[in-house]
Amino acid sequence: MKRAVYPGSFDPLTFGHLDIIGRASRLFDSVVILVMVNKTKTPLFSIEERVKMIQSVVSDYGNVEVDFYEGLLIDYAKENKIRVSIRGLRAVTDFEYELQIAQTNYELSGGFLDTVFLTTSLKYAYLSSSVVREIASFKGDIS
Ligand code: ADP
């Protein structure tokens with residue numbers, strides 16, 4: 001069984017995240033979308049709200065489940081015996097941060113947790129949770 005975890009804030013989930021989830025679900029036997037606490041960000045939605053929202057849109061995938069964790073990703077990965085973390089890359093600006101996180105997770109887990117990067121579909125390259133939150137705050141069209 002090839003299992004993977006897709007960790008993130010998902011505050012809220014966007015079509016960009018969904019695109020990564022769909023592609024990951026074809027690459028792996030099972031994928032856990034893991035809602036996590038990012039201490040550098042102040043969340044708009046609670047963890048419970050985010051889990052519910054994600055569950056409602058991924059229910060059609062037979063091999064995707066949703067979970068949450070308020071600790072380090074490597075501890076969740078070890079507890080659940082998942083050796084692959086999936087992250088999305090939109091632009092070169094994501095790269096430096098993502099590279100650091102991936103290398104830290106690999107080192108800190110003693111080589112247990114590897115990261116697989118999927119590059120965004122071009123039509124979602126501009127899309128982020130923060131852009132969606134900002135448009136929504138001014139009652140703009142987020143459809
Ligand atoms: P985090 O706070 O952990 O960065 P996010 O919810 O912002 O959580 O992002 C989770 C992952 O999804 C990150 O790897 C991010 O680069 C990726 N991601 C976000 N938006 C997109 C998008 N439009 N296309 C592809 N990947 C994306």
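Quick look at the numbers
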item: One residue from Glu107, Glu96 being acidic (Asp, Glu), free of Cβ contacts under 8 Å to residues at least 24 places away in the same chain and surrounded by fewer than 11 Cβ atoms within 10 Å (Cβ to Cβ); result: Glu96
item: Hits in region 26-37 (condition: assigned to a strand (DSSP E or B) and out of contact with any helix residue (DSSP H, G or I) (no Cβ under 9 Å at 6 or more places or on another chain)); result: Ser30
item: Which numbered condition Phe45 fails, given (1) modelled with pLDDT of 95 or more; (2) within 7 Å of the ligand (Cβ to nearest atom); result: (2)
item: In region 61-70, the residues that are away from the ligand (no atom under 14 Å from the Cβ) and closer than 20 Å to Lys41 by Cα; result: Asp67
item: Single match in Ala77, Ala24 (criterion: within 13 Å of the ligand (Cβ to nearest atom) and touching a residue at least 40 places away in the same chain (Cβ under 8 Å)); result: Ala24
item: Any pair with Cβ under 6 angstrom, 6 or more apart, that starts in region 118-143 at a residue that is on the phi > 0 side of the Ramachandran plot and in contact (Cβ under 8 Å) with a residue 12 or more places away in the chain and ends at one that is in a loop (DSSP other than H, G, I, E, B) and of a type in the set (Gly, Ala, Ser); result: none
item: All positions within region 91-118 that are farther than 21 Å from Asp67 by Cβ and within 13 Å of the chain's Cα centre (by Cα); result: Glu98, Phe117
item: Residue check for Ala91: surrounded by fewer than 16 Cβ atoms within 10 Å (Cβ to Cβ), farther than 30 Å from Met1 by Cβ, more than 14 Å from the ligand (Cβ to nearest atom) and of a type outside the set (D, E, K, R); result: no
item: Output for region 28-56, where each listed residue is surrounded by 15 or more Cβ atoms within 10 Å (Cβ to Cβ) and either free of Cβ contacts under 8 Å to residues at least 12 places away in the same chain or β-branched (Val, Ile, Thr) (or both); result: Val31, Val32, Ile33, Val35, Ile47, Val51, Ile54
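The values are calculated or read from the model by the stated rules, or taken from the named source; none is laboratory data. Being a predicted model, the structure only gives us computed values, none of them experimental. Because the Cβ atoms are built from the backbone with ideal geometry, glycine has one as well, and the counts that use them run over all protein chains shown.
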